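A short write-up of the structure that comes next.
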Amino acid sequence: MASETATLGIAAVATAAVIARPWNLPEAIWAVAGAVLLVAFGLLPLTDALAGIAKGTDVYLFLIGMMLLAELARREGLFDWLATHAVGYARGSPRRLFALIYGVGVIVTTFLSNDATAVVLTPAVYAAARAAGAEPLPYLLICAFIANAASFVLPISNPANLVVFGPNMPPLLVWLARFALPSTVSIALTFLALRFALRRQLTTALNAAPEPAPLTRGGALAAIGIAATALALLAASALGWRLGLPTFAAGAATAAFILIGTRQSPWPVVTGVSWSVLPLVAGLFVLVEALQQTGVIAAIAEIAARYAERSASLTTMGAGALIAIACNFMNNLPVGLIVGSTVAADHLPHPVVAGALIGVDLGPNLSITGSLATILWLVALRREGEGINAWRFLKVGVLVMPPALIGALATAILTG
């Protein structure tokens, strides 16, 4: 009992430190420190810790592929080229630029994942805002919120979906039958709430778009690589394959084509990738592996099954809301791992499982470190010299997340 309490304590402190970032140290340090302490104090055998790390292989490959594509696109000027055209289509209207970025965010999240929106779209939006002479943060917030709001349109829209369902991922048509309408409601309500929350920042007319420079050969290859990745992910999802290896292969192939074709050294691209995300994810996987051994996950599964027998609808709403809140205290990756273990441990009704997934995917829109995608978004902001504190994000999130969550959960119950 004492060892279980100690394990829970270390896991709780480590996840809290990931969110709070004491002394502004990187999030990865706290996740890894928690994992190391569990092993050092004998609370988790080293073999089990390594097994937990290995469970994240698909996620690591997915992130590496996406980060390679984003760094290549940034270096080859694709983002600047897209930004110039986006400002031109906005024709001086901040509201039109807002809607344009939101629509692109929906497409990128749906077909490339919410992490791609955080990693790939954020630099492009920053460049667009600068080109338009606008304050970047209101437009950058779109990337953070749509990355989670549209993250359950398809299985590939969020790596957390892979974590929750694992090998039991529903076929694509079954997924669409369960999540197409809830995700549509989530996207629509998030747009309305975010547009309302940012209404005062979207009043100043934009500068005229500069004359667009021709897209370089490297930029064109990066765009082709991103499009090919989207097609590869759709095909892999339809075939029921894991998504990490296709994403990694697409990113590596695109890098090889660009670097060889333009005779560049790979070193600047390698050093430009935010590798600290990988130990962060690995540390979180180890923390959840430790939680599984405390019996907490088995107890959660038993409670969920008992309440689902009484009322699937109320359990769907309650589970979705509680999971959404938990994501903002723990980050949705460990919560998703716990939910995945819970789903695998018992046969829960489809609406309850759907509600749990919606909580994992959409719930993090309340806080600045609620999801891996939002953490990646923060990393992208810091690279551009931008920043946002937790309180400012929360003031927007408290207006945006609850209506979308309630609407999506209610729709899941009606269509389940």
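The values are calculated or read from the model by the stated rules, or taken from the named source; none is laboratory data. Please read these numbers as outputs of a predicted model, since none were measured by experiment. Because the Cβ atoms are built from the backbone with ideal geometry, glycine has one as well, and the counts that use them run over all protein chains shown.
Contact annotation: residue pairs with Cβ atoms under 7 Å, 6 or more positions apart or on different chains, pairing a residue in the stretch 100-122 that is in contact (Cβ under 8 Å) with a residue 40 or more places away in the chain with a partner that is aromatic (Phe, Trp, Tyr) and assigned to a helix (DSSP H, G or I), are ILE101/TYR139; TYR102/PHE191; ALA118/TRP377; THR122/TRP377. Within the stretch 381-400, restricting attention to residues that are part of a helix (DSSP H, G or I) and of a type in the set (D, E, K, R), which residue is farthest from LEU141 (Cα to Cα)? This residue is ARG383. Among the residues of the stretch 134-176, the one identified as assigned to a loop (DSSP other than H, G, I, E, B), over 19 Å from the mean Cα position of the chain (by Cα), within 24 Å of LEU381 (Cβ to Cβ) and not hydrophobic (A, V, I, L, M, F, W, C) is GLU135. When the residues of the stretch 333-380 are filtered to those that are modelled with pLDDT of 80 or more and polar (S, T, N, Q), the one that is nearest to PRO123 (Cα to Cα) is THR374. Exactly one residue among ALA150, ALA86, ALA131, ALA118 is over 22 Å from ALA220 (Cα atoms), out of contact with any His (no Cβ under 6 Å at 6 or more places or on another chain) and of a type in the set (A, V, I, L, M), and that residue is ALA150. Inclusion of LEU198 among residues that are at pLDDT 85 or above, under 23 Å from PHE152 (Cα atoms) and not charged (D, E, K, R) is not warranted. Looking across the stretch 105-116, the residues that are at pLDDT 85 or above and within 13 Å of ALA144 (Cα to Cα) come down to GLY105, VAL106, THR109, ASN114. Where residues in the stretch 189-208 are closer than 17 Å to VAL104 by Cα and surrounded by 15 or more Cβ atoms within 10 Å (Cβ to Cβ), which of them is farthest from the chain's Cα centre (by Cα)? Within the stretch 189-208, the match that is farthest from the chain's Cα centre (by Cα) is ARG195. Among what's in the stretch 220-271 and is of a type in the set (Ser, Thr, Tyr) and assigned to a loop (DSSP other than H, G, I, E, B), pick the residue that is surrounded by the fewest Cβ atoms within 10 Å (Cβ to Cβ). Filtering the stretch 220-271 for residues that are of a type in the set (Ser, Thr, Tyr) and assigned to a loop (DSSP other than H, G, I, E, B), the one surrounded by the fewest Cβ atoms within 10 Å (Cβ to Cβ) comes out as SER265.
For the stretch 305-315, the condition holds for no residue, the condition being that it is touching a helix residue (DSSP H, G or I) at 6+ places or on another chain (Cβ under 6 Å), outside any loop (DSSP other than H, G, I, E, B), of a type in the set (D, E, K, R) and at pLDDT below 80. Restricting to the stretch 156-188, and then to whatever is among the polar types (S, T, N, Q) and at pLDDT 80 or above, can you tell me which residue is surrounded by the fewest Cβ atoms within 10 Å (Cβ to Cβ)? Ranking the candidates gives THR184 first. Within the set ALA86, ALA99, ALA90, ALA127, the sole residue that is closer than 19 Å to ARG199 by Cα, of a type in the set (A, V, I, L, M, F, W, C) and modelled with pLDDT under 85 turns out to be ALA90.
Does the stretch 85-126 hold any residues that are part of a loop (DSSP other than H, G, I, E, B) and over 24 Å from the mean Cα position of the chain (by Cα), and which are they?
Scanning the stretch 85-126 gives ARG91, GLY92, SER93.
Is there a residue in the stretch 272-290 that is surrounded by 23 or more Cβ atoms within 10 Å (Cβ to Cβ), of a type in the set (A, V, I, L, M, F, W, C) and within 13 Å of ALA70 (Cα to Cα)? No, the conditions are met nowhere in the stretch 272-290. Looking only at residues of the stretch 324-373 that are in a loop (DSSP other than H, G, I, E, B) and under 14 Å from the mean Cα position of the chain (by Cα), we find that the one that is surrounded by the most Cβ atoms within 10 Å (Cβ to Cβ) is SER371.
All of (1) within 19 Å of VAL270 (Cβ to Cβ); (2) not in a helix (DSSP H, G or I); (3) not hydrophobic (A, V, I, L, M, F, W, C) hold for ARG74 with one exception: (2).
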